[in-house]
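Accompanying notes for the structure given below.
The values are calculated or read from the model by the stated rules, or taken from the named source; none is laboratory data. In this text the structure is predicted, and so the values were computed from the model without any measurement. Quick reminder, even Gly has a Cβ in these numbers, built from the backbone with ideal geometry, and neighbours come from all protein chains shown. SASA here: full protein model, heavy atoms, side chains in, ligands and nucleic acids out. Shrake-Rupley method; radii C 1.70, N 1.55, O 1.52, S 1.80 Å.
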Amino acid sequence: GKLGGQALVPGVAGTWKDLTDNVNFMASNLTAQVRGIVKVVTAVANGSLKEKLTVETKGEVAALAETINSMTDTLAKVRPAYAQRAQALCGNLKKVLGDGIEFSQPRGGMFVWARLTAPGADAREFAKQAIERGVAFIPGTPFFAVNPDHATLRFSFATADVAKIEEGVARLKG
């Protein structure tokens, strides 16, 4: 439904007016809280981690506001590290595998989706060879509900630092 509605009761007085005013006050507070949550969550979804949820509240909504602000702070702290790791992974994949792999630089997240470009390339076979060299990644086929692309790979950069990423990608060269 639409937020922001208010009860309008013509000619109301006494206890009924007090009740109507209280309902309108609660509705107004709830509207402000939800709009604040929408503002921050939308900003985060659009890549901005600078918005904070600032609503006067208590109880569960206060806990939710604290959680959202904490989540945004955490994302702001890890974003530069993930961006650096993604850049290291993509740069090294291109340097080491060249035209043998294609991918898009991720704008967020913790994975790079890639595709082997050689005709008949098989990510599962490439993964087996990589494991023999001490490198692990996931072939992309389990992520397809239908018509899996057997040349697709998913590389994670969530936990390895830049030096480990560089070392791992260098080991992929066969």
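For the stretch 111-119, the criterion of being in contact with a Ser or Thr (Cβ under 6 Å, 6 or more places away or on another chain) and closer than 20 Å to Glu166 by Cβ is satisfied by at least one residue. Go through the stretch 35-47 and give me each residue that's in contact with a helix residue (DSSP H, G or I) (Cβ under 9 Å, 6 or more places away or on another chain) and more than 14 Å from Met71 (Cα to Cα). Gly36, the sole residue that qualifies. Can you find, within the stretch 106-150, the residue that is most open to solvent (accessible area, probe 1.4 Å) among those that are in a loop (DSSP other than H, G, I, E, B) and among the charged types (D, E, K, R)? Top of the filtered list is Arg107. Kindly indicate whether Ile37 is under 28 Å from the mean Cα position of the chain (by Cα), within 30 Å of Ala170 (Cα to Cα) and touching a residue at least 12 places away in the same chain (Cβ under 8 Å). Against the criterion (under 28 Å from the mean Cα position of the chain (by Cα), within 30 Å of Ala170 (Cα to Cα) and touching a residue at least 12 places away in the same chain (Cβ under 8 Å)), Ile37 does not qualify.
Out of curiosity, is Val78 more than 23 Å from the chain's Cα centre (by Cα) and either in a helix (DSSP H, G or I) or more than 30 Å from Lys50 (Cα to Cα) (or both)?
Spelling it out, it is not the case that Val78 is more than 23 Å from the chain's Cα centre (by Cα) and either in a helix (DSSP H, G or I) or more than 30 Å from Lys50 (Cα to Cα) (or both).
The lone criterion from (1) of a type in the set (Gly, Ala, Ser); (2) within 26 Å of the chain's Cα centre (by Cα); (3) assigned to a helix (DSSP H, G or I) left unmet by Ser28 is number (2).
Looking only at the stretch 72-105, residues that are over 18 Å from Glu167 (Cα atoms), touching a helix residue (DSSP H, G or I) at 6+ places or on another chain (Cβ under 8 Å) and open to solvent by 40 Å² or more (accessible area, probe 1.4 Å) come to 3 in all.
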